[in-house]
Amino acid sequence: MELFFSKLKKFMSECEELESLKVAGYYRTIEQMSDKLKQLFEECEKYNFSFTFYSSSEGHYSLYESEVMDVQFFKKSDGDSDSYGWDKHLNFIYTFELSDDMRGSYCTCEESDAGFDYRYKCCGEGCDWYTPSVTVKRHETVAVDSFDGYEREMWALQDVWNEEQNDSVAQQKEAQKKYIQEQINRLNNEMQSLD
């Protein structure tokens, strides 16, 4: 646990994309979750890990889109120089979705109120504010593979696929025509029975 939090603190304090006014709140919120993150801490002790930060879309802050910090895991180095190589990358990551929840009601604080802070022009109790919120998820990749063959084999597969799709579309059209014809015949029979 100590290893995780020391690396997290260093990463968050050096992350230029993460809004500096929110770092302390997010860090403290993650600390509050410690009892729910035991598996994460165990994996941090067992494997090498690193953090990555992804800001909300197009670099614009939005109250509705979470910013995401993820933790990627790697097999421990066996003495070679590339301790974070692709061949050492493990099949799971954790994501930390960082967002803000609106709490409180409209601020009516005045300078004469107890606890009034002149920097924020508020007492900081019961007034509306954006509370740091963190959602932690573990994602596991079940399987990863690449096409086994040459590009010309892919072309041949694509040709067969297209032909099968065309056949399937033709079969669907024929089935639909047959259904419509059956409906026409049934309705004609009903109409004749009314005469």
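The values are calculated or read from the model by the stated rules, or taken from the named source; none is laboratory data. Given the structure is predicted, the values throughout are model-derived calculations rather than measurements. So basically every Cβ, Gly included, is an ideal-geometry build from the backbone, and we count neighbours across all protein chains shown. These accessible areas exclude ligands, DNA and RNA; they are computed on the full protein's heavy atoms, side chains included. Shrake-Rupley method; radii C 1.70, N 1.55, O 1.52, S 1.80 Å.
Within the range 116-195, list the chymotrypsin sites (Phe, Trp or Tyr not before Pro) lying in a DSSP loop whose Cβ has at most 14 other Cβ atoms in a 10 Å radius. If you can, show how the numbers build up before the last one.
Details: sites: Phe116, Tyr118, Tyr120, Trp129, Tyr130, Phe147, Tyr150, Trp155, Trp161, Tyr179; in loops: Phe116, Tyr118, Tyr120, Phe147, Tyr150.
Those satisfying the criteria are Phe116, Tyr118, Tyr120, Phe147, Tyr150.
Using 20 Å as the cut-off for backbone N distance, which residues of the range 151-165 belong to the label zone defined by a point 7 Å from the Cα of Gln172 along Cα→Cβ?
Under 20 Å, as judged by backbone N against the label point of Gln172, lie 158-165 of the range 151-165.
Compute for the range 109-195: radius of gyration divided by Kirkwood radius, i.e. Rg/Rh, restricted to C-alpha atoms, rounded to two decimals.
Rg divided by Rh gives 1.58.
Would you mind checking which residues have amide H under 5 Å from Cys122's amide H? H placed 1.01 Å from N; only 5 or more apart, or other chain.
Those qualifying (amide H under 5 Å, at least 5 residues apart or on another chain) are Asp117.
Residue separation times 0.36 nm, minus the C-alpha to C-alpha distance between Leu90 and Val144: what's the value?
Result: 18.3 nm gained on full extension.
If I compute solvent accessible area with a 1.4 Å probe over the protein chains, what percent of it on the chain is carbon and sulfur?
Carbon and sulfur atoms account for 50 percent of the accessible area of the chain.
Sort all Cα-Cα distances of the chain into consecutive 10 angstrom bins from zero, then give the percent of pairs in each bin up to the one containing the longest distance.
Going out from 0 Å in 10 Å bins, the chain shows 7, 20, 19, 14, 12, 11, 9, 6, 2, 0 percent.
Among all the lysines, which ones have a C-alpha under 20 Å from Lys177's C-alpha, if same-chain residues fewer than 8 places away are not counted?
none
Find which of Ala143, Leu3, Trp161 sits farthest along the positive direction of the dipole of the chain, computed with +1 on the beta-carbon of Lys and Arg, -1 on that of Asp and Glu, about the Cα centre.
Leu3
Can you tell me which lysines have their Cα less than 30 Å from the Cα of Lys121? Leave out same-chain residues fewer than eight positions away.
Within reach: Lys9, Lys22.
Using 1/(1 + (r/R0)^6) with R0 = 35 angstrom and r between the beta carbons of Ser6 and Glu111, what's the FRET efficiency to the nearest 0.05? Mind showing how you got there, number by number?
Numbers: r = 41 Å, r/R0 = 1.17.
Efficiency at R0 = 35 Å is approximately 0.30.
For the chain, build the charge dipole from Cβ charges (+1 Lys, Arg; -1 Asp, Glu) around the Cα centre, then report which of Gln176, Tyr118, Ser66 sits farthest towards its positive end.
Working it through, the farthest residue towards the positive pole turns out to be Tyr118.
With a 10 Å radius around each residue's Cβ, average the other Cβ atoms per peptide and rank 89-97, 31-39, highest first. Can you show the working numbers first?
Details: 89-97: 16.3, 31-39: 11.3.
Descending mean neighbour count gives 89-97, 31-39.
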